[in-house]
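Report on one structure; see the data block that follows.
The values are calculated or read from the model by the stated rules, or taken from the named source; none is laboratory data. Since this is a predicted model, take the numbers as computed values, not measurements. Positions of Cβ are generated from backbone atoms using ideal geometry, with glycine treated the same way; all protein chains shown enter the neighbour counts.
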There are 2 protein chains.
Amino acid sequence: MERIILKIGGSVITKKEEEVPAVNMENLQKIAKQIGEFYNLNKTAKLIIIHGAGSYGHQIVHKTDIHNGVKTKSQLIDFAQTQRLQNELDLIATEVLIENGIPAMPVQASAMAVMKNKKLSRMDADAIEGLMNTGIVPVLYGVPAFDEVIKCSILSGDEIAPYLAKKLKFDKIIHATNVNGIFTSNPFEDEKAKLIKKINKTNFGKIKKGITGSNTVDVTGGMLRKVTELMEIADCGIKSQIISALVEGNVKKALDGDESIGTIVER
Amino acid sequence: MERIILKIGGSVITKKEEEVPAVNMENLQKIAKQIGEFYNLNKTAKLIIIHGAGSYGHQIVHKTDIHNGVKTKSQLIDFAQTQRLQNELDLIATEVLIENGIPAMPVQASAMAVMKNKKLSRMDADAIEGLMNTGIVPVLYGVPAFDEVIKCSILSGDEIAPYLAKKLKFDKIIHATNVNGIFTSNPFEDEKAKLIKKINKTNFGKIKKGITGSNTVDVTGGMLRKVTELMEIADCGIKSQIISALVEGNVKKALDGDESIGTIVER
């Protein structure tokens, strides 16, 4: 049985562009149903779910600037309030997951994560590993966290996933996003853009030129940085698969090991 | 400036005997107001708040028996659901604390706590210490946690408090309860029961006989076990003060260092 981390983008399960925090309940329920179908046939699967913050995080963070550190007393309140909001979103996510028969337990990463100048420095994962081995499906999520240099920075789901994958020896990270994968150029601007089925050391150099800019997955630093990160993870023996969670059945397919959808990034 | 852990009993901030989880909002608001008054005059204070579960925990735990371990698949769901409920209570508690100007940030202890046969075995506290030094007031709470022997057991606020006090070198734990302190006998049964102002090595042996049974604070094992535990903590140089949070102004007084109220347990 593979050990899988399923990262669900905040832009998929929330209405990301809303001014106020808003869940995209339709998407959340569809995805939870597919995870439930997988889980109920694979109860011994080792599975960790990580979700992004979407409209529960980005707006408040940009408004309060806490991702660049805490400089004022009032930012301490913003820090606390931002954490509260993430717990609120996670309560909704875990409720829907539990309704689908998944023993989905909230795990707040900022309870033990220590950042160092915006990078995750260390995070004890003994409890997470124990919970997982017990049969629990730990559900982590993007959080504001203690930073030993600038006091506060953002620990995103995209950083938690590879950290745990390495630490707990996972085989694969599935990124459930709002795009079909990685394209040769920006598919929203270039009608000739083609989905890249596999990226590895052999073709990475060649396709590098096309995937500049932020053409797809909503990640700071754009798509090239994202793919470069996934290549680094692949180097540690952890495969990534980027799929669109908006296509019916895709999440279940990916969990079942179907590598014909989306983009695979491997060594 | 003293380093204080304020433990608020679940029986104070919830309606403990209700069938369904219910917050005692009046008590919660009164206590939060007093903490806010203290915090706003002592912004450099090192303060950790820990609250109990009350009706958010006891009913579901007894119904599902998860405090005695996880034996069935359905108990995995109970485990996850119990954690969700604790996060729900904590969201309400931190909201009211933030409304009173306190940078009260949720910290889910089960994200990193590892239990061993119903006792806390280890819990990384680097992030908690960092948050506290940054000016955040970490808010922890009783949780169901991974147990390396029986898979799941309950990590109560009463166990988190001394663990953190020792690890982070705190001076005092204030127990905000629904009784005035520790009495010479059960005050609900014996009209001659007298409040004990101070308990230490000199008088502990003598008063031991009176405080048997579960006459006051709602703790498994009764009052004697509770006081014995507090004596052990006192031995490590950590003073305890047991006060009634139901008496107007008591929480603020205790935070301000007034030791004339309640019972002091010291070396």
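What tally of residues in the stretch B:60-75 results from selecting those that are in a helix (DSSP H, G or I) and over 19 Å from A:I98 (Cα atoms)?
Going through the stretch B:60-75 one residue at a time, the tally reaches 3.
Do you know which residues across the stretch B:90-108 are surrounded by 19 or more Cβ atoms within 10 Å (Cβ to Cβ) and facing another protein chain (nearest Cβ under 7 Å)?
B:T94, B:I98, B:P103, B:A104, B:M105, B:P106, B:V107, B:Q108
Could you tell me which of the residues A:S55, A:S110 is under 22 Å from B:G130 (Cβ atoms) and in a helix (DSSP H, G or I)?
A:S110
Scanning the stretch B:214-243 for residues that are among the hydroxyl-bearing types (S, T, Y) and over 18 Å from B:I8 (Cα atoms), which turns out modelled with the lowest pLDDT?
Here the residue is B:S214.
Is it true that some residue in the stretch B:40-63 is in the same structural domain as B:S153 (by the TED database) and either among the basic types (K, R) or surrounded by fewer than 16 Cβ atoms within 10 Å (Cβ to Cβ) (or both)?
yes
For the stretch A:113-135, which positions are more than 7 Å from chain B (Cβ to nearest Cβ) and assigned to a strand (DSSP E or B)?
A:M115, A:K116, A:K119, A:L120, A:S121, A:R122, A:M123
Does A:I35 fit the bill of being aliphatic (A, V, I, L, M), farther than 15 Å from A:V179 by Cα and in contact (Cβ under 8 Å) with a residue 40 or more places away in the chain?
Here the answer is yes, as A:I35 does meet what is asked.
Being over 18 Å from B:K63 (Cα atoms) and more than 14 Å from every other protein chain (Cβ to nearest Cβ) is the filter here, so list the residues in the stretch B:148-162 that pass it.
Hits for the stretch B:148-162 are B:G157, B:D158, B:E159, B:A161, B:P162.
What's the total number of residues in the stretch B:48-87 that are under 30 Å from B:I4 (Cβ atoms) and more than 12 Å from chain A (Cβ to nearest Cβ)?
Looking only at that region, the number is 12.
Is it the case that the stretch A:66-74 has a residue that's within 17 Å of the chain's Cα centre (by Cα) and buried (at least 22 other Cβ atoms within 10 Å of the Cβ)?
Checked the stretch A:66-74: no residue is within 17 Å of the chain's Cα centre (by Cα) and buried (at least 22 other Cβ atoms within 10 Å of the Cβ).
Are any of the residues in the stretch A:166-188 part of a strand (DSSP E or B), within 14 Å of another protein chain (Cβ to nearest Cβ) and touching a strand residue (DSSP E or B) at 6+ places or on another chain (Cβ under 6 Å)?
No.
In this structure, does B:I102 turn out to be closer than 23 Å to A:A145 by Cβ and assigned to a loop (DSSP other than H, G, I, E, B)?
yes
Quick one: in the stretch A:144-153, which of the residues that are out of contact with any Phe, Trp or Tyr (no Cβ under 7 Å at 6 or more places or on another chain), crowded, with 23+ Cβ neighbours inside 10 Å and not small (G, A, S) is farthest from B:K151 (Cα to Cα)?
Step by step, filter the stretch A:144-153, then rank; the result is A:D147.
Need the failing condition index for B:V20 against (1) outside any helix (DSSP H, G or I); (2) surrounded by fewer than 22 Cβ atoms within 10 Å (Cβ to Cβ); (3) under 18 Å from the mean Cα position of the chain (by Cα), just the number.
(3)
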